[in-house]
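*Asks:* What follows is a structure written as structure tokens; I'll ask about it next.
The values are calculated or read from the model by the stated rules, or taken from the named source; none is laboratory data. A quick note: this is a predicted structure, and the numbers were derived from the prediction, not measured. Virtual Cβ from ideal backbone geometry, glycine too; neighbours counted across all protein chains shown. We work out accessible area using only protein heavy atoms, side chains counted, and drop any ligands, DNA or RNA first. Shrake-Rupley method; radii C 1.70, N 1.55, O 1.52, S 1.80 Å.
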Amino acid sequence: MANIWQKDINNHRDILFILHDQLNLQVFPPSILQRRPLIVLVESFAYASFLAHHQMKLAFIWSCQRHFALELEQQGYDVLTLSTKGWHSEGIKQIMTDYSHLSLFYMEPNEWQTREQMKELKSLFPDRVFSFSNNFFLTDVKQYVSKINKNYRLESFYRDLRKQTGYLMAEGKPIGGKWNYDKDNRKALPKKITIPAVTKFTPDTITETVITEIKANFAHHFGKLDQFPWAVNRQQALQLAREFMIERLPYFGAYEDAIKTDEPFLFHSVLSPYLNNGLLLPAELCQMAIESYKNGQAPLNSVEGFIRQIIGWREYIRVYYEAMMPDVRESNHFGFTLNLPQLFWDGKTELKCLADAIKNVIELGYSHHIQRLMVLSNFSNLTMTNPIELSHWFWLAYIDAYEWVELPNVLGMSTYADGGILASKPYISGGNYIHKMSNCCSQCHYDVKQKTGKNACPFNYLYWHFIDRYRQDFKENGRVSLMVQMFDKKTDSEKEEIARSARDFIEKIPRYSSVLPQQDISKANF
Ligand code: SF4
């Protein structure tokens, strides 16, 4: 094998290194592709195991990468897939050291650590290693990085991007007269509604081989790998995108905040794994959604909501990541030190909304955004869990998670760990919100109507406990300041009961961290 590689490598002057989240030649510079470089892909065991990444996620990454390699070969490229115990850059370094005639080209990695490793490699071979900008986004990140602060949040960015792209715009104004249709997008699911199934793909021999390898090497990692339903190449991903536009986009907007037991996808696109590894591109998905609107297949509130997720939220958090790294990694505004509740690892809990969300993550490496935000992050906040741990958990547990996307969502948005640069408040709610948006409460051990005591929904008293304890962060904060006033109107005995119920509950949560040192709960201050 080594000889064959040697011959192939000697036939080339240039190599192009493509990362596992850059699987689309459409956005690579034609000037580099015209040189017909040897394309190098790397399966890095160090990357796979620096966190206990979900087994499903690893199988997805490697299977997509191997299918991509096959397609490149079918297009006439010479492809070399390296498997290394080290990081990606270590595999590349070996080639650059052994073959001094080669020049290396690579697209800037999205994730910080890989980018730093590649920078180091570049410094070792300054005349032979060349990088070019990452083209998997619509935004020129440099244009916006300096603007990120409390006065330039998502809404301003989103409007700028709508104007820049012209999506859903007519004569410089938003189509329909409004920028945002969120108010139409908070409906609970009707009892009788048909939820279309998302196509599941049967693993082919490449995926089967990868699954066997992942089980052999990473069986101790998070999650299950019993069923593998995901698309693994661009053709399959496009099929899913078309299916979404026809079958689910029409209802996506109205029900995007709904939760239902045993329905992990509802009307969500479930396209983020493919968007974040490059199989699908943001512009083509926006164009498909706009086409659905123009054809009368999907209403404006759905299409605008979907486009906002892509050109608003996704682009914005990437700019935030670039602006805030690396210091943001240590953000912990409330100073929470408690380890992640054990239930995040095993799903064992009597809180039905949490059990459902974690079950989806364990089985699929996926749950939709409202479960991520209003169930998992909400619970983590209310139980005073270290947000950095939560951030790591999202990174390792989700099939669509890379640091650039999960970190801003967790440390910026859901936990308010950055102190309010990205969001105006932490995402917390009592049980009523979950009750309104889901069917979980009727199947739960706890009673969502009870406010305190051993049968009460824990979200209820934990919410008030949080509002009282961190009132400084809410007092000056518009609508949320009302909650502080409401708490203050409670009787002393109600306040005492809330504090006691919250303390009892938080004290009894079994906690376990696979990423940070264990916390001695007796020393925790709550
Ligand atoms: Fe979740 Fe509370 Fe409802 Fe149970 S009662 S499902 S804990 S919100």
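*Asks:* Under 6 Å between Cβ atoms, at least 6 apart or on separate chains: pull out the pairs that start in segment 149-178 with a residue that is outside any helix (DSSP H, G or I) and end on any residue that is open to solvent by 40 Å² or more (accessible area, probe 1.4 Å).
*Replies:* Pairs that qualify, where the first residue is outside any helix (DSSP H, G or I) and the partner is open to solvent by 40 Å² or more (accessible area, probe 1.4 Å), are 168/175.
*Asks:* While we're here: Would you point out the residue of segment 316-357, among those that are out of contact with any Leu (no Cβ under 7 Å at 6 or more places or on another chain) and polar (S, T, N, Q), that is surrounded by the most Cβ atoms within 10 Å (Cβ to Cβ)?
*Replies:* The qualifying residue surrounded by the most Cβ atoms within 10 Å (Cβ to Cβ) is 337.
*Asks:* If you don't mind, another one. Find the helices (runs of 4 or more DSSP H) located wholly in segment 220-309 whose residues include 2 or more that are over 25 Å from residue 375 (Cβ atoms), and list them. Before you say what the answer is, go through the steps one by one.
*Replies:* Values: elements: 234-243, 249-252, 272-275, 282-294, 300-307.
Ranges flagged: 234-243, 282-294, 300-307.
*Asks:* Residue 406 is checked against (1) surrounded by fewer than 23 Cβ atoms within 10 Å (Cβ to Cβ); (2) under 23 Å from residue 363 (Cα atoms); (3) under 21 Å from the mean Cα position of the chain (by Cα) and fails just one. What number does that condition carry?
*Replies:* Residue 406 satisfies all of (1) surrounded by fewer than 23 Cβ atoms within 10 Å (Cβ to Cβ); (2) under 23 Å from residue 363 (Cα atoms); (3) under 21 Å from the mean Cα position of the chain (by Cα) except (1).
*Asks:* Being open to solvent by less than 10 Å² (accessible area, probe 1.4 Å) and more than 29 Å from residue 139 (Cβ to Cβ), is that true of even one residue in segment 244-258?
*Replies:* Within segment 244-258, one or more residues are open to solvent by less than 10 Å² (accessible area, probe 1.4 Å) and more than 29 Å from residue 139 (Cβ to Cβ).
*Asks:* Are there any helices (runs of 4 or more DSSP H) wholly within segment 346-409 with 1 or more residues that are more than 16 Å from the ligand (Cβ to nearest atom), and if so which? Walk me through it before giving the result.
*Replies:* Working: elements: 352-364, 378-382, 387-397, 403-407.
The helices (runs of 4 or more DSSP H) meeting that bar are 352-364, 387-397, 403-407.
*Asks:* Can you run down the residue pairs with Cβ atoms below 6 Å, 6 or more apart or on separate chains, where the first is in segment 355-366 and in the same structural domain as residue 442 (by TED's automatic domain parsing) and the partner is part of a helix (DSSP H, G or I) and surrounded by 19 or more Cβ atoms within 10 Å (Cβ to Cβ)?
*Replies:* 357/371; 357/375; 357/376; 361/397; 365/56; 365/57
*Asks:* Quick check on segment 340-348. Is at least one of its residues within 15 Å of the chain's Cα centre (by Cα), among the small types (Gly, Ala, Ser) and outside the structural domain of residue 271 (by TED's automatic domain parsing)?
*Replies:* Taking every residue of segment 340-348 in turn, none turns out to be within 15 Å of the chain's Cα centre (by Cα), among the small types (Gly, Ala, Ser) and outside the structural domain of residue 271 (by TED's automatic domain parsing).
*Asks:* Residue check, residue 304 against (1) out of contact with any Lys or Arg (no Cβ under 9 Å at 6 or more places or on another chain); (2) open to solvent by less than 10 Å² (accessible area, probe 1.4 Å); (3) among the acidic types (Asp, Glu), all met but one. Which one?
*Replies:* (1) is the only condition that residue 304 fails.
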